[in-house]
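Undergrad: Have a look at this one.
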Amino acid sequence: MKAFTLAVLVGSLTILSACSSSQKEQDQNAPAESTAEVPTQDFIMTKYSVQEFNSAVIGLKAALESPDANVLGCSITAQEAREMLVPLKGMLDRKISSESKDYADDPRVYAKNNGFETCGGNCQCGVLASVVERAPSVKASSDPKLHTRLLTKLQAKAKLQTPQQTLACAKNQSWFCSSELRAYLQNSKVENH
């Protein structure tokens, strides 16, 4: 009888041990985001460029309008996209304002460093036109007509962007789904409810 009780006891401990190690494995395989700290808005504003904010806006608008919830490569419902767009548009607006000051310091260098010539291929001409448009008075040392030429050129390129190109830009970006920006926006959405 003692041998039978001992066998039952050992069997029970084996089952408990297996359950415990299975739970540990599940905990280790849990998504990193559940234990990761959500970044602050200051961190997000510093880390991401005006083009990245714009790319996220384009992607979320596509998720909002598309019947495909995986248009960005991850599942984002129309409701989630709508909720993330609210704070994101505000952050993009602040980033445009700060970038416009950088542009005003040296329009030629800013244009070269920020892809004014190639902006049509990545759906960035509209946001870059906004940066130029909001620029405070451009320094006198620069070409006075340069500002007008750059703005006119960017606006013309932005008008050429079709809805199909915009959708292609949304689908081509692959960084947003796993980004700290998305984590921040999802956390903002939860805090606002």
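Undergrad: Every residue in segment 56-79 that is under 23 Å from Leu128 (Cα atoms) and in contact with a Cys (Cβ under 7 Å, 6 or more places away or on another chain), please.
TA: Ile58, Leu72
Undergrad: Also, quick follow-up: Applying the selection to segment 66-85, what residues are surrounded by 13 or more Cβ atoms within 10 Å (Cβ to Cβ) and either in a helix (DSSP H, G or I) or within 13 Å of the chain's Cα centre (by Cα) (or both)?
TA: Listed by number, the residues that qualify are Leu72, Gly73, Cys74, Ile76, Ala78, Glu80, Ala81, Arg82, Glu83, Met84, Leu85.
Undergrad: Quick check on this structure: which one of Thr46, Thr148 is under 16 Å from Leu181 (Cβ atoms) and in a helix (DSSP H, G or I)?
TA: Going through Thr46, Thr148 in turn, just one is under 16 Å from Leu181 (Cβ atoms) and in a helix (DSSP H, G or I): Thr46.
Undergrad: Then there's this: Quick one: in segment 141-193, of everything that is basic (Lys, Arg) and within 21 Å of Ala69 (Cβ to Cβ), which residue is modelled with the highest pLDDT?
TA: Only one residue fits best here, namely Arg182.
Undergrad: Return the pairs, sorted by first residue and then second, in which the second residue is small (Gly, Ala, Ser) and surrounded by 12 or more Cβ atoms within 10 Å (Cβ to Cβ), the first residue lies in segment 105-119 and is at negative phi and in a loop (DSSP other than H, G, I, E, B), the beta carbons are less than 9 Å apart, and the residues are 6+ apart or on different chains.
TA: Asp106/Ser142; Asn114/Ser49; Glu117/Ala111
The values are calculated or read from the model by the stated rules, or taken from the named source; none is laboratory data. Predicted model, so just to flag it, every value in this text is computed and none were measured. Cβ: placed from backbone, ideal geometry, glycine included. Neighbour counts: every protein chain shown.
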